[in-house]
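**Q** First the structure, which I've put down as C-alpha cells, then a few questions once you've had a look.
We did not get these values from a lab; they are worked out from the coordinates using the rules stated. Just so we're clear, the structure is a prediction, and the values are computed from it rather than from any experiment. Note: ideal-geometry Cβ built from the backbone for every residue, glycine included; neighbour counts use all protein chains shown.
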Amino acid sequence: MVYCAHDSIYSEEILNQFTEQTGIEVEIRFDTEATKSLGLVQSIIAEAAHPRCDVFWNNEILGTLDLAERGLLQPYKSLNAERIPEKFRSPNGAWTGFGARLRLYIINTDQMDATPEAVEQALQGDLSKMAIAKPLFGTTLTQYSLMWSEMGGDALKEWHHKRTEQGWKIVQGNAVVKNLVADGKCQFGWTDTDDFFLAVDDNKPVAMLPIRTEEGQTICIPNTVSIVKGTNQEKAAQKLIDFLLSEEIELALANSRSRQVPLGTVDESKLPEEVKQLQGWAAEGVPLGGLLEARNECLNWLEEEFLP
Amino acid sequence: MSFTEIVEFSLFRACLISLLSMLVAQSLQPALKTERLWQTRLIWGALLAPFFCPDLLVGYAYYNFSLSLVHHPVWNEWFYGLLVTLKTIPLATILLYFSPPSPLSAEAFYCRELLNRSQSARFSKLSWWCGPRWLWWVRGPGLRLLPAGGLVFLIAFQEFEICTLMNTTAWTLNLFDRRAIGWESTRVYQLGLRPLGVELLVLLIILFAYLKLTKQTNKTDRPIVKPLSSAREGLTWAYLAFAFVVILLIPVGLVFRGSIAGWTVFLTNSSLLRETGYACGFAAISGVLAHGTAVYWVGRGQLVWWSRILLFLVCLPGLCGSFLMSLTVLELFQKTSLYHLYDTPLPLITGLYLFVLPRAVLIQFIRRDATQRESTFLAKTLRNSPVIAHRREGWQLCWEQNLWPQFWCLIPVCFWTYFDMTTPSILASPATTPAPYRLYNLMHYGQGTGLSAMLSATIAAPCLFITLLIVFLKTIQWIHLRRLMTHRNSNSL
C-alpha cells in the first residue's frame, strides 16, 4: 500500500511502471489539492497502532519530518540514495528526497512586468491583485515555516498582518492561485513550479520568478519517500524506494508536465530546457531539514489566525 | 471569523434558504396538478431535474465563475446561496406536496373568522381562548410546513460539496480544515457539538410536528388548491425555466463542450472504468440495503411508539450530516477491534447506508401516503385466487402498483449514494476509490477538457445502467403480459 501525496496525474503512471517492471501490485491512496482530503500524514499518525501504509511518497518534507520525529518511519538506506545530495536525505535513512519543486511568483505578463523590481514595487502598494494559498497546508505552510524560522514569529505575524491589510487574496490552494493569475483575475501570486507549468502548457500569459529568502536563497521542496514502521511488505517497499530514487524516475518526473527538478545526478541531455533553468535555482535552495520546530510553532499561530 | 460566528452565519443562511424555498414551494403547489396530463408531466420533470442534478456537476460548472468573484466575496456568498436555494426548492415542493394536510381545515378557519366578527359578548369572552390569528396559523397551516421546512433547512445547513468548490463560508468546511491540519477526533467532535445541537433541535421540531400532524389530521382531507391565475402561471414557468437553465442546462452544456475536446483522455485513463464500476457497486449495495430497511420499517403499517423511536435513532446518524457520521465510522474501524475490516469496502458501505437511510425512509413514507390501498388489496386478493388467470392478473397488478413504483423509489436512493462525496472522502479504501470522488478531488485544480470528459462518462454511466435495467424489466413485463394474453386466448378458445 502506497500513500502518495504527489498528484495522481503524474505519479500513477510511475507506480504502474513499477508494477510492470517488478510484478509487485501497488495499491495507491492519493492526497490531493482538495481541502476535503484528510491529509496522508494525519492518516499515518491515526493508523499508527495498525499501519495500513507501507511506503509514503510525500510531495513535501515537513510532514515527513513530523512522522520521523514521532518514530513512525523505518530507516532504509537505498543504494540509489547515494545519488542524492546529503541536504535532501535523512542522516539515518528515515526518508530520502527526490524530484523537487520550487516556490515561485507566478506573474500575469499582460498585467505587469516579470522582474524582481516590478514585484518588489507591487508588494509596497495595494495587494488586492495578489493571491496566495491558505498557509495552513502544503508548500505555503513550508514557506511560512521557513519565514518563521528566519524572521522570528513576531516579525512574521507583523508581516502577514501588513500584507492582509494591503488586501492580498488568500485562497484554497496553489492551483487556485495559478488559475486566478493565468486568467488575469490577479496580477501575481505565490505558487509551485508544477502548477506554473500547467498554465504555461495552456498557453496562458504567465512568467515566473523564484521566491527568495532574506538571504537570497530559493525554496526548493523535494518529494520524499519513506517506509512506514510496522509494514509487513518490507522487501517490496525497499524495491519501490530503490525504483523511485533511480535516475530513470527523476528524469521521468522532470519530463512530465510537472517538470520536477532532479536532485541527483542525471543525464543532462535528457532534461527539458525549463528544468535546466530550474536546476540552477534548486541548487540555491535553503536546507529544510531543521524546520520541524518552526513549523509546529508557526502552525499553532496559523491555526489561531485562520481557525479561531 | 470564529467557529461560533461561522455556525451562526451558516444558520442564518440556511434559515434564509429554507424560508425562501418554502415560499416558492408553496406558490408552486397549484402548478403540480393541472388538468392536462402533458403539462403536469412537464412541470414535474422541470421541477425534479435540478433536484437530481449532482452537486458535483453544479460545483464544477460554476468553479470558474466563482473564481471570477474573488474580488467580490459577498457576491460569491450570494451566488452560492442562490444555487443551494435552487437545489432545495424542488425538495421543498415535493415534501410539501406529500405532507399530511393541516390539522385545521379551511372551514375551521372560516368559522374562526365568523367568531371574531361576531360582536356578541359570549364570543368576545371566548376570543382570549381563540388566541391571535398567527397562533392559529402555527397550529394549522404552519404546522404542515414545519417538517418540510425543517428537512430543507438540514440540507442547506449541512451542504458541503458545492461550498468547498466555491470556497464559501461554511461550518462544515471549517471543521474539515481543522481535521486536515491534524486535530484529533475528540476535539473535532467537541466543536461539532454546536452545529450538531442545532441539527438535533430542528430534528426534534420536525419529529414533533410530523407526529402531531399524522395524529390530528384526516389523510383524506387534501389542502384546497386554488387554480393558477395566468400571471402566476407565467411566474411558475419563468421560475422552472430559470432553475432548469442555471442548475442543469448550463452545467451540462459546459461539461459536454469540454467532453468533445477532451475525449482522448479515455485512451490514457484505464482506471476510470474500474472506478465507475466501484461507484455503481457501492451505490447499488448501500442503496438496496437502505431501501430494503425503509420498506421493511414503513411497510409494517402504523408504527408503535417504540418502533418510531427506534427508526428515528437508526436514521439519526445520517440526519446529523455525513461528515460527523463518517468520522465516527472511521474511528470505529480504525481504532477498535474492527480494524481488520478497515481496508475493506465495509466502512464505506456502512457510511453510505447510514447517509442515505433517512432519505429512503422519507421516500417510503411519501409512497405509503400516496398509495391507493384498494388496488393493493385487490392485487393481494387476486394473487391468492385459485384461478390461474386471476393469480397472474394479481401479479400484474402487484407489479404495476407495488414493484414498479418501488423500483422508482430505489433509483433516487442509489443516485444519492453514487454522488455522495463526503462519505467516500473519509471512508473509501484506496483499492476501491469510487470515480465521482476521484474526479471531485481533481476538480480542485480547475476546469479542464479531460476532466469534463471523465465527468460526462461518470454521470452517463449510472444513467445508462438504469436505462438498461428499465429496458430489461420492461422486457420481462412484456413477456409476462404476452404469456398472460396467450393463456387467456387459449382459455377462451
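**Q** To the nearest 0.05, what FRET efficiency results for A:Ile45 and A:Thr22 with a Förster distance of 30 Å applied to their C-beta separation?
**A** 0.55
**Q** Turning to a different aspect of this structure: Testing the spin-label approximation: label points 7 Å from Cα along Cα→Cβ at A:Glu248 and B:His480. State their distance in nm.
**A** It is 5.9 nm.
**Q** In addition: Based solely on its DSSP helices, what 222 nm [θ] is calculated for chain A when runs of n ≥ 4 H residues each add -39,500 (n - 2.57) and the sum is averaged over all residues, nearest 500 deg cm²/dmol?
**A** Helix contribution divided over all residues of chain A: -13000 deg cm²/dmol.
**Q** So what's the projected area for the protein assembly as shown, the Cα convex hull averaged over all directions, in nm²?
**A** For the protein assembly as shown, averaging the hull's shadow over all directions gives 42.8 nm².
**Q** Tell me, what is the FRET efficiency for B:Glu113 and B:Leu193 to the nearest 0.05, using R0 = 56 angstrom and their Cβ-Cβ distance as r?
**A** 0.75
**Q** Kindly provide the pair-distance distribution of region A:99-165 built from C-alpha pairs, with 5 Å bins from 0 and whole-percent values in order of increasing distance.
**A** 3, 13, 21, 24, 23, 11, 3, 0
**Q** Rank B:Cys315, B:Leu254, B:Ser425 by how far each Cα sits towards the positive end of the charge dipole of chain B (+1 on Lys, Arg Cβ; -1 on Asp, Glu Cβ) and give me just the farthest.
**A** Result: B:Cys315, furthest along the dipole toward the positive end.
**Q** Report, ordered by chain and residue number, the aspartates and glutamates lying within cross-link reach of A:Lys270, taken as a straight Cα distance under 12 Å and ignoring same-chain residues fewer than 8 apart.
**A** A:Glu247, A:Glu248, A:Glu250
**Q** Taking H as built 1.01 Å from N, whose amide H comes closer than 5 Å to the amide H of A:Gln74, not counting residues under 5 places away?
**A** The list, which skips near neighbours in sequence, is A:Ile227, A:Val228, A:Lys229.
**Q** Separate question: For each pair in B:Lys33/B:Lys474; A:Lys87/A:Lys185; A:Lys178/A:Lys235; A:Lys129/B:Lys87, compute the distance between the two Cα atoms and list the pairs where it is over 30 Å.
**A** A:Lys87/A:Lys185; A:Lys178/A:Lys235; A:Lys129/B:Lys87
**Q** Using a Cα-Cα cut-off of under 17 Å, which lysines could be cross-linked to A:Lys229, ignoring same-chain neighbours fewer than 8 residues away?
**A** Correct list for A:Lys229: A:Lys77, A:Lys239.
**Q** Could you list B:Leu455, B:Leu354, B:Leu191 so that the one with the fewest beta carbons within 10 Å of its beta carbon is first and the one with the most is last?
**A** The order, fewest Cβ neighbours first, is B:Leu191, B:Leu354, B:Leu455.
**Q** OK, next. If you build the Cα gyration tensor of region B:33-104 and take the root of 5 times each eigenvalue, what three semi-axes come out, in whole angstrom, biggest first?
**A** 32, 16, 9
**Q** With springs connecting C-alpha atoms under 10 Å apart, model chain A as a Gaussian network and identify which of A:Leu123, A:Leu62, A:Leu253 has the largest mean-square fluctuation.
**A** A:Leu123
**Q** Cα centroids of region B:188-207 and region B:440-474: how far apart, whole angstrom?
**A** Region B:188-207 and region B:440-474 have Cα centres spaced 34 Å from each other.
**Q** For all pairs of alpha-carbon atoms in region B:340-493, what percent lies in each bin of width 10 Å, listed from the first bin to the last filled one?
**A** Calculated P(r), rounded to whole percents: 9, 25, 27, 19, 13, 6, 1, 0.
**Q** Let me ask something else about it. Note the direction-averaged projected area, equal to a quarter of the hull surface, for the Cα convex hull of chain B, in nm².
**A** Mean shadow area of the hull around the Cα atoms is 31.1 nm².
**Q** Evaluate peptide B:63-69: per residue, the Cβ atoms of other protein chains within 10 Å of its Cβ; return the mean as an integer.
**A** The shielding value for this peptide is 3.
**Q** Contour minus end-to-end for A:Glu304 and A:Glu165, with contour as 0.36 nm per residue of separation and end-to-end as the Cα-Cα distance?
**A** Length gained, A:Glu304 through A:Glu165: 48.3 nm.
**Q** Sticking with this one: For chain B, what relative contact order do you get, as a whole percent, if you take Cα pairs closer than 8 Å and at least 6 residues apart?
**A** Here the relative contact order equals 20 percent.
**Q** Across all directions of projection, what mean area in square nanometres is found for the Cα convex hull of chain A?
**A** Computed as one quarter of the Cα hull surface, the answer is 15.3 nm².
**Q** As I understand it, the dipole of chain B uses +1 on the Cβ of Lys and Arg and -1 on the Cβ of Asp and Glu, about the Cα centre. Which of B:Thr186, B:Val387, B:Tyr63 lies farthest toward its positive end?
**A** Checked the options; the winner is B:Val387.
**Q** Here is a further query. Taking the simple approach of a point 7 Å from Cα along Cα-to-Cβ for both B:Leu332 and A:Asn255, what is their distance in nm?
**A** 5.0 nm
**Q** Picking from A:Gln279, A:Gln42, A:Gln172, which is most flexible by a Gaussian network model of chain A using Cα springs under 10 Å?
**A** Comparing A:Gln279, A:Gln42, A:Gln172 in the GNM, the peak value goes to A:Gln42.
**Q** Which of B:Ser10, B:Val361, B:Leu455 sits farthest toward the positive end of the charge dipole of chain B, with +1 on the Cβ of Lys and Arg and -1 on the Cβ of Asp and Glu?
**A** B:Val361
**Q** Mean residue ellipticity at 222 nm from the helices of chain B, using -39,500 (n - 2.57) per DSSP H segment of n ≥ 4 over the full residue count, to the nearest 500 deg cm²/dmol?
**A** -26000 deg cm²/dmol
**Q** Using the beta-carbon distance between A:Ala155 and B:Leu469 and R0 = 45 Å, what value does 1/(1 + (r/R0)^6) give for FRET efficiency, to the nearest 0.05?
**A** Using R0 = 45 Å, I get an efficiency of 0.10.
**Q** With chain A treated as a Gaussian network of Cα nodes joined by springs under 10 Å, which of A:Leu127, A:Leu79, A:Leu136 yields the largest mean-square fluctuation?
**A** Largest GNM mean-square fluctuation: A:Leu79.
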